[in-house]
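The values are calculated or read from the model by the stated rules, or taken from the named source; none is laboratory data. Because the structure is a prediction, the values reported are computed rather than measured. Note that each Cβ is placed from the backbone with ideal geometry, even for glycine, and that neighbours are counted across all protein chains shown.
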Amino acid sequence: MATMHPPIHIRIAGGGPAGLTLALLLAQGSRHRTHGPLIEVEVQEALPGQGSAGFGVVLSDETQGEVWSRLPGLADRLSPHWVRWDDLWVHHRGQATRCGGHGFAGLGRTVLVQTLRELAQEAGVKLTHGAALEPGWDGEADGGQMGAQALPGVDLLVAADGIQSAWRTALADDIRPRLTWMRNRFAWMGSTAPLTAFHYHVVETAHGPVVAHAYPYEAHRSTWVFEMDEACWQGLGLHLLDEAASARQLEHLFHSALGGHPLLTHRSHWRRFPALHCERWWTEVGGMPVVLLGDACASAHYTVGSGTKLAMESAMSLADALLAQEVLDAQGLRKALALHETRRRVPVEILQHHAESSAQWFERIRDHVALPHMAFAMALMTRSKALTYDELVRRDEAWMRQVDDAWWQRAATEGLQARARRQAGDLLRPLPPMYTPLKLAGLALAHRVVMAPMAQYQADALGRVGDWHLMHYGSHAQGLPAILYGEMTAVSPEGRITQACPGLWNDVQEEAWRHALSLVRRQPEVAFFMQLGHAGRKGSARTPAAGDGPLAASEGAWPLCAASPLPWDEGWPTPEALDERAMASIEADFVQAARRALRLDVAGLEVHAAHGYLLAGFLSPLTNVRTDAWGGPVQARLRFPMQVIRAVRSVWPAARPLSVRLSLCDWADGGLSEEDALAIGRAMRDAGVDLVSVSTGQTVAHQQPRHGRMWQMPFAELLKKRLGLTVMGVGAVTTSGQVNALLHAGKADLVALGRPWLADPFWMRRQAALDGVSLPGSPAAYAAGWEQVERQARQPR
Ligand SMILES: Cc1cc2nc3c(=O)[nH]c(=O)nc-3n(C[C@H](O)[C@H](O)[C@H](O)COP(=O)(O)OP(=O)(O)OC[C@H]3O[C@@H](n4cnc5c(N)ncnc54)[C@H](O)[C@@H]3O)c2cc1C
Ligand SMILES: Cc1cc2nc3c(=O)[nH]c(=O)nc-3n(C[C@H](O)[C@H](O)[C@H](O)COP(=O)(O)O)c2cc1C
């Protein structure tokens, strides 16, 4: 029983899935509360009649499970209406493939909203429609922003007023929304075409590819979302057509996909999708708390079909937080809002990250359409990064086999036969792609997984590697990465990052490397690549263990040089801009170190031109502001790095691979553009670079990178798909499922992992054991241990 407190009055602006779900949960929850005041809920919907309309929405089995268990009445009433399916079809270049096991249901949006309304009303929610609940403008505030007024008698205002939220606009100063408009044009239509599964159709026109995302939501009704890039949209003249005329043109283009059925329109105008993030989800207006909910607060791109999921799950979170309060007074309400935001923000942001990755994939569809059919389908399935190879094996193993088979057929045409093999008993399944060899110049790599270069900060004061490196590289060689990269090795004393970084500018250092690599040499399957670099303005630093930051003069600091006299960060010394003589001298330093690397007989060499070090500093317009022939347009910024790379190439034998590491995005305004990245990629190809190792950032201290799993891969993919370069990608790749998905989707030729190898020198061997794969070159001394691991991996878990 609720107590004798005066009731709490909650007003909800907007009767969409978010507002109605919240209202229903609060009304039901309030009845069952044994403490605190009654909650009176009122929903005000702007549109007359049934409120918002539209075609179908998609809910995954997982979301349905959660929604139905929280709102059992909803499941009962909706079950006659929804259409379930497991299959996703991909239609591309005259071929079609079906991947099963996905578990979704389509539902008419009107049915969903109407049913929520009925249930809410039955639970005692007051519903009004036909008049907007506006923020009650209180005139121009500072800076021209409109403010909002409190509503008399309302204890909490929930702004569930959709993506165009007037409340969010009025409260923008506090809420700080960030809207990023996705580039593609899309229109949401319906059709009488009967479907029984989800279909992606790609139709290639003279102006570019058009994609349809189509799914059923009633027996004879399906939703069709069409999208394309701006050039295609304008090329097809769709920008000049109204909804009806656009539908007629799309009916013509998608005639066979639609089976001759017409398209239906309802507010189906062409739009661009706004990706919305808010720094705060709630604030106060004249003492009245206001919280944003659903699309008003956070959007998720339609290509992951999760806008309704996000809206309804956020409503559940808010209802839980409110109902959990013992005392729902002014303070209790604020506690509830804070609790809701704390609990819900991370899941929302993860989903938004996946949604944005998915949206960006469709924006680059021109780069993907040329992929072979099964690779295209795999790239499409894994575009949001939420699904990996392993998850797809779980959902539809037969389909994954088809994708693997297609991969190996293509590999065979390139003369690549697997050298690894499956354990007996599972011979029918092809190997995942990461076990494919690769030819780089004259070098045959055993597979596609690499250990990224990682500084150890363990060299002695003379820049010599020692016992640590013998152990470190020796044990990692036993783990069998295809390439084992050495850490950044300085070409001169001033080129070191720290006093604990190794060098390769004199004989004692060369000798020390010879000793440190002696165990690596016992593993002929592992290719060791020496990474040569010059720290530029980021040198003369303390080690991370000593707290980073610049060395003091008393600690042995040395003078810094760079493309331009710009310090790395506050408190750092200003470097001297290199003149031509100094450039020639540094070029010679790289050449002598390359000669030493050749004497050390390492399999490959990498020039480090990434992460804001000296050569990278020339490439980025943020760090190269020179007005002479070495700065300005990208071709001029490329001059010095290319001079060094060509000089190294000239002494490094053609049969041994030369790789170059690049940061292809600075994550800061005014940094490298996509055109710059492509120009840099072309320069690598022209200079005979065999492998481009693509990283990003660390160019400027004020960078704002967008982290996430596999976050740097789009930059590797750009060079691979636009220029056909052999590329290696890196960054937050932690599982073999991710590696295999990346390779299948054609994002990279090699995948490098950094931190996972630090934690486990046997990362690769462990994955192989789990996959039932025997790798060539297994160390005999450890055979008994690995036999046990492999045996255990075969046992049912
Ligand atoms: C092309 C496309 C495809 C989509 N496909 C899917 C899908 O497959 N699956 C999925 O889950 N989601 C999908 N969505 C997203 C989904 O429609 C929304 O994310 C979801 O409806 C959000 O619910 P909401 O209640 O927050 O907002 P809305 O559904 O937009 O509801 C907001 C309501 O507030 C009303 N309103 C606006 N202003 C006021 C005001 N001042 N006062 C009172 N009322 C007001 C509006 O009339 C509206 O009824 C898709 C969206 C698009 C654009
Ligand atoms: C401890 C450490 C040291 C690193 N040192 C280097 C280096 O010497 N040269 C280089 O190019 N990158 C260096 N990196 C970057 C890694 O090569 C890699 O790009 C990065 O760790 C991202 O991969 P991950 O997410 O798999 O760790 C270093 C990274 C770590 C964690």
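Would you call Asp760 touching a strand residue (DSSP E or B) at 6+ places or on another chain (Cβ under 8 Å) and either more than 24 Å from Phe618 (Cβ to Cβ) or assigned by TED's automatic domain parsing to the domain that holds Trp572 (or both)?
Values: touching a strand residue (DSSP E or B) at 6+ places or on another chain (Cβ under 8 Å): no; either more than 24 Å from Phe618 (Cβ to Cβ) or assigned by TED's automatic domain parsing to the domain that holds Trp572 (or both): yes.
No: the conditions fail for Asp760.
Quick check on the stretch 705-716. Is at least one of its residues more than 17 Å from the chain's Cα centre (by Cα) and touching a residue at least 24 places away in the same chain (Cβ under 8 Å)?
Going residue by residue through the stretch 705-716, those that are more than 17 Å from the chain's Cα centre (by Cα) are none.
No.
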Evaluation of Gly466 against (1) among the small types (Gly, Ala, Ser); (2) farther than 30 Å from Trp89 by Cβ; (3) within 28 Å of the chain's Cα centre (by Cα) (one fails), failing number: (3)
If we ask which residues in the stretch 184-198 are within 25 Å of Gln234 (Cα to Cα) and assigned to a strand (DSSP E or B), their number turns out to be 7
Odd one out for Glu414 among (1) surrounded by fewer than 19 Cβ atoms within 10 Å (Cβ to Cβ); (2) under 14 Å from Val90 (Cα atoms): (2)
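Would you mind stating whether Val450 is buried (at least 17 other Cβ atoms within 10 Å of the Cβ), within 21 Å of Gly533 (Cβ to Cβ), touching a residue at least 40 places away in the same chain (Cβ under 8 Å) and more than 33 Å from the chain's Cα centre (by Cα)? Reasoning before the result, please.
On the way: buried (at least 17 other Cβ atoms within 10 Å of the Cβ): yes; within 21 Å of Gly533 (Cβ to Cβ): yes; touching a residue at least 40 places away in the same chain (Cβ under 8 Å): yes; more than 33 Å from the chain's Cα centre (by Cα): no.
No; evaluated as a whole, the condition is false for this residue.
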Which one of the conditions (1) within 24 Å of Glu570 (Cβ to Cβ); (2) more than 15 Å from ligand 2 (Cβ to nearest atom); (3) touching a strand residue (DSSP E or B) at 6+ places or on another chain (Cβ under 7 Å) does Ala552 fail to meet, given that it meets all the rest? (3)
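For the stretch 70-80, name all the residues that are surrounded by 14 or more Cβ atoms within 10 Å (Cβ to Cβ) and over 18 Å from Lys309 (Cα atoms). Walk me through how you get there before you give the answer.
Here is the first cut: in the stretch 70-80, the ones surrounded by 14 or more Cβ atoms within 10 Å (Cβ to Cβ) are 70-71, 73-75, 77-78.
Residue satisfying the conditions is Arg77 alone.
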When the stretch 40-86 is examined, which residues are found to be part of a strand (DSSP E or B) and under 26 Å from Ser222 (Cβ atoms)? Gly56, Val57, Val58, Leu59, Ser60, Val83, Arg84, Trp85
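What about Thr169, is it part of a strand (DSSP E or B) and polar (S, T, N, Q)?
Details: part of a strand (DSSP E or B): no; polar (S, T, N, Q): yes.
No.
State all residues of the stretch 755-766 that are closer than 12 Å to Glu790 by Cα and touching a residue at least 60 places away in the same chain (Cβ under 8 Å); if no residue qualifies, say none. Break it down stepwise before answering.
Start the filter on the stretch 755-766 by keeping residues that are closer than 12 Å to Glu790 by Cα, which leaves 765-766.
Across the stretch 755-766, the qualifying residue is only Arg765.
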Of the candidates Phe618, Phe640, the one satisfying the condition of being in contact with a Phe, Trp or Tyr (Cβ under 7 Å, 6 or more places away or on another chain), over 24 Å from Ala452 (Cβ atoms) and not basic (Lys, Arg) is Phe640
What are the pairs with Cβ atoms under 8 angstrom where one residue, in the stretch 536-565, is over 17 Å from Pro502 (Cβ atoms) and the other, located anywhere, is surrounded by fewer than 11 Cβ atoms within 10 Å (Cβ to Cβ)? Sequence gap at least six, or different chains. Gly549/Gly571; Pro550/Gly571
In the stretch 238-276, what count of residues is obtained for those that are among the polar types (S, T, N, Q) and free of Cβ contacts under 8 Å to residues at least 12 places away in the same chain? 1
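For the stretch 442-469, what are the residues that are of a type outside the set (S, T, N, Q), within 16 Å of ligand 2 (Cβ to nearest atom) and at negative phi? Explain how you work it out, then say what you get.
Going residue by residue through the stretch 442-469, those that are of a type outside the set (S, T, N, Q) are 442-455, 457, 459-469.
Add one more test, that the residue is within 16 Å of ligand 2 (Cβ to nearest atom), and what stays is 448-455, 457, 459, 463, 465, 468-469.
Answer for the stretch 442-469, where residues must be of a type outside the set (S, T, N, Q), within 16 Å of ligand 2 (Cβ to nearest atom) and at negative phi: Arg448, Val449, Val450, Met451, Ala452, Pro453, Met454, Ala455, Ala459, Val465, Trp468, His469.
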Screening Leu753, Leu672 for residues that are within 30 Å of Gln478 (Cβ to Cβ), of a type outside the set (Val, Ile, Thr) and in the same structural domain as Ala563 (by TED's automatic domain parsing) leaves only Leu753
Could you list all residues from the stretch 502-551 that are of a type in the set (D, E, K, R) and touching a His at 6+ places or on another chain (Cβ under 7 Å)? none
Of the residues Ala780, Ala745, which single one is away from ligand 2 (no atom under 16 Å from the Cβ) and buried (at least 22 other Cβ atoms within 10 Å of the Cβ)? Ala745
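Tally the residues that are part of a helix (DSSP H, G or I) and of a type in the set (A, V, I, L, M), restricting the search to the stretch 596-606.
So the answer is 2.
Suppose the filter is over 23 Å from the mean Cα position of the chain (by Cα), assigned to a helix (DSSP H, G or I) and surrounded by 24 or more Cβ atoms within 10 Å (Cβ to Cβ); does Leu339 pass it?
Values: over 23 Å from the mean Cα position of the chain (by Cα): yes; assigned to a helix (DSSP H, G or I): yes; surrounded by 24 or more Cβ atoms within 10 Å (Cβ to Cβ): no.
Answer is no for this residue.
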Which numbered condition trips up Ala219, out of (1) at pLDDT 95 or above; (2) among the aliphatic types (A, V, I, L, M); (3) more than 30 Å from Ala170 (Cβ to Cβ)? (1)
State whether the residues of the stretch 488-507 include one that is more than 29 Å from Lys439 (Cβ to Cβ), without any contact (Cβ under 8 Å) to a residue 40 or more places away in the chain, assigned to a strand (DSSP E or B) and not small (Gly, Ala, Ser). no
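For residues that are touching an Asp or Glu at 6+ places or on another chain (Cβ under 6 Å) and in a loop (DSSP other than H, G, I, E, B), tally how many sit in the stretch 525-566.
So in the stretch 525-566, the residues touching an Asp or Glu at 6+ places or on another chain (Cβ under 6 Å) come out as 529, 531, 542, 558, 561.
Now narrow it down to the ones that are in a loop (DSSP other than H, G, I, E, B): 542, 558.
Total meeting the criteria: 2.
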Exactly one of Gln145, Gln149, Gln95, Gln121 is modelled with pLDDT of 95 or more and among the polar types (S, T, N, Q), and that residue is Gln95
Look at Ala311 and say whether it is more than 16 Å from ligand 2 (Cβ to nearest atom), surrounded by 24 or more Cβ atoms within 10 Å (Cβ to Cβ) and not in a helix (DSSP H, G or I). no
Scanning the stretch 588-617 for residues that are of a type outside the set (A, V, I, L, M) and either at pLDDT below 95 or in contact with a Gly (Cβ under 8 Å, 6 or more places away or on another chain) (or both) gives Asp589, His608, His611, Gly612, Tyr613, Gly617
